[in-house]
Amino acid sequence: MRLTVEFGGGLELLCQSIKIHHVDVNHKAGEEKLIMKDLLCWIRSNLIKERPEMFMKGDTVRPGVLVLVNDTDWELSGQLDTTLEENDVVVFISTLHGG
Amino acid sequence: MDGGEERRKRAVGRLCSICHEKKAALKRPKTLDQICRECFYAVFEEEIHKVIVENNLFKPGERIAIGASGGKDSTVLAYVLSKLNQEHNYGLDLFLLSVDEGITGYRDDSLETVKRNEIQYGLPLKIVSYKELYGWTMDEIVKAIGLKNNCTFCGVFRRQALDRGAALLRTDKLVTGHNADDIAETVLLNILRGDIARLGRCTQITTGEDGPIPRCKPFKYTYEKEILDYFSTECIYSPNAYRGFAREFIKDLEQIRPRAILDIIRSGENFRISSSTKMPEQGTCERCGYISSQKFLDVVNDKVVKVGKDFMNKSRAVIKWCKACVLLDGLNRGLPKFGIRRTKDSQKVGEHRVSNSETTVANFESKQCGNLDF
């Protein structure tokens, strides 16, 4: 499944300062759909190159990281259970920084 | 576009609880309302306007400096204030005020953002630098003192730099982009530190009204998350400013109970301190003559007696200097650690190796990060 994953607010520093990633993520074996929980795991092992604890806490994002799926807060779409579809755009913005 | 259509199809979920027309894009942490972006921008601005009016933050004709770091909070503040100023005829003269600490590669970017804001919002910009105010850039200070206590210098200097810049611009007030999360965090930290003087001050929306340049925080009740939602396009960021345990704790609380942030501010506001409690003095610095709302330090300018490896002060408290002057004096005399430690510790550790006629510092509370200073 092709997705666009964007990092902002400093999170891009965890993946070699690249903000926008066009990625192709496969479904988990035996699963029909891809949900955010799977995507987070995939990002953690494929995109994040350093300090994964700045991005994730437990099996979800660190509190203070804003997550948008197609420009909508993932709180409205079911957070970890949000089902992803082809060409979806997922944005992560960290609030944990100076300002 | 195929993808776009499909996305729209799926989006038929909830509608905005305000306009009931568009699809809800976010959930407000304060109210748990699910609303669309357009309605969000409107209620966000309306709330700031209400805070400004209800708290009488400004008077017509006032000159207002906006402390602009180039970060999201101050960028949104500059935008919203200039917008509200026009829409509601506040009659304010707005200025952007930035501090250049002299940190290569860090401020460069954010100062560029501030310069962009100057053009975009048509607000005059003044940049004051540590170099011109103190004779030292942060890079030079770090070279002299290392990376350990640099935040103390930076925080103390920045606070005063903003005051001085505001004075140069002849403004009546200084507004900063401190948000509800910042204030909740500071309430917790001041409780943990037992700093009741700051605890009393940190929740006030306007401080320093008795001084030359009062400061106020129009975003006192504004969630950081919503500032980010408002901003969401692009975020200029300070990579190393990890805000610490209290910050993360606040975010954890928000996750469980979004109202927690406002509740902590409320708790801080309602803290009552016994009237018999002795509060630290404030006043004018005897070195720079500068009036600061910061606590003043007693500088012992008398004999220092050597006891074993440690030094003991024989007489106390003659000169009253502001923290910036104590730190600067230490830097200029090649004693950069001067003024960093608490007296208790320094007597134990004997870190202030000063010769007999040198001054030493007694009685003050050091603070690690300038960002949290109100």
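The values are calculated or read from the model by the stated rules, or taken from the named source; none is laboratory data. All values derive from a computational prediction rather than experimental measurement. Here the Cβ is made from the backbone with ideal geometry for all residues, glycine too, and neighbour counts use every protein chain on show. Note: accessible area is taken over every heavy atom of the protein model, side chains too, but ligands, DNA and RNA are not part of it. Shrake-Rupley method; radii C 1.70, N 1.55, O 1.52, S 1.80 Å.
Note on region B:145-176: residues that are under 26 Å from B:Gly268 (Cβ atoms), out of contact with any Cys (no Cβ under 8 Å at 6 or more places or on another chain) and open to solvent by less than 10 Å² (accessible area, probe 1.4 Å) total 2. So A:Asp73 fits all but one of (1) surrounded by fewer than 22 Cβ atoms within 10 Å (Cβ to Cβ); (2) within 9 Å of chain B (Cβ to nearest Cβ); (3) over 13 Å from the mean Cα position of the chain (by Cα); (4) not basic (Lys, Arg); what number is the exception? With (1) surrounded by fewer than 22 Cβ atoms within 10 Å (Cβ to Cβ); (2) within 9 Å of chain B (Cβ to nearest Cβ); (3) over 13 Å from the mean Cα position of the chain (by Cα); (4) not basic (Lys, Arg) applied to A:Asp73, the lone miss is (3).
Within region B:206-215, the set of residues being at pLDDT 90 or above, of a type outside the set (S, T, N, Q) and surrounded by fewer than 20 Cβ atoms within 10 Å (Cβ to Cβ) comprises B:Pro214 only. Residues in region A:76-99 that are of a type in the set (Asp, Glu), part of a loop (DSSP other than H, G, I, E, B) and under 13 Å from the mean Cα position of the chain (by Cα): A:Asp88 only. Between A:His27, A:His21, the distinction of being of a type outside the set (Asp, Glu), touching a strand residue (DSSP E or B) at 6+ places or on another chain (Cβ under 8 Å) and surrounded by 15 or more Cβ atoms within 10 Å (Cβ to Cβ) belongs to A:His21 only.
The set of residues in region B:58-77 that are open to solvent by less than 40 Å² (accessible area, probe 1.4 Å) and more than 13 Å from every other protein chain (Cβ to nearest Cβ) comprises B:Phe58, B:Glu62, B:Ile64, B:Ala65, B:Ile66. Looking across region A:30-48, the residues that are open to solvent by 80 Å² or more (accessible area, probe 1.4 Å) and in a loop (DSSP other than H, G, I, E, B) come down to A:Gly30, A:Glu31, A:Glu32, A:Lys33.
Considering only residues in region A:49-70 that are more than 7 Å from chain B (Cβ to nearest Cβ) and in a loop (DSSP other than H, G, I, E, B), the one that is most open to solvent (accessible area, probe 1.4 Å) turns out to be A:Lys49. Note on region B:249-274: residues that are modelled with pLDDT of 80 or more and more than 14 Å from chain A (Cβ to nearest Cβ) amount to 12. B:Ile236 falls short on exactly one of the conditions (1) hydrophobic (A, V, I, L, M, F, W, C); (2) open to solvent by 40 Å² or more (accessible area, probe 1.4 Å); (3) at pLDDT 85 or above, and that condition is (3). In this structure, B:Ala246 does not qualify as of a type outside the set (Ser, Thr, Tyr), open to solvent by less than 20 Å² (accessible area, probe 1.4 Å) and modelled with pLDDT of 95 or more. When you check B:Val76 against the structure, is it among the hydrophobic types (A, V, I, L, M, F, W, C) and at pLDDT 95 or above, yes or no? Judged against the criteria, B:Val76 is not a match.
Of all residues in region B:18-47, those being among the small types (Gly, Ala, Ser) and either more than 25 Å from B:Leu253 (Cα to Cα) or away from chain A (no Cβ under 14 Å) (or both) number 1. Checked against (1) of a type outside the set (D, E, K, R); (2) away from every other protein chain (no Cβ under 14 Å); (3) open to solvent by 10 Å² or more (accessible area, probe 1.4 Å), A:Leu80 meets all criteria but (2).
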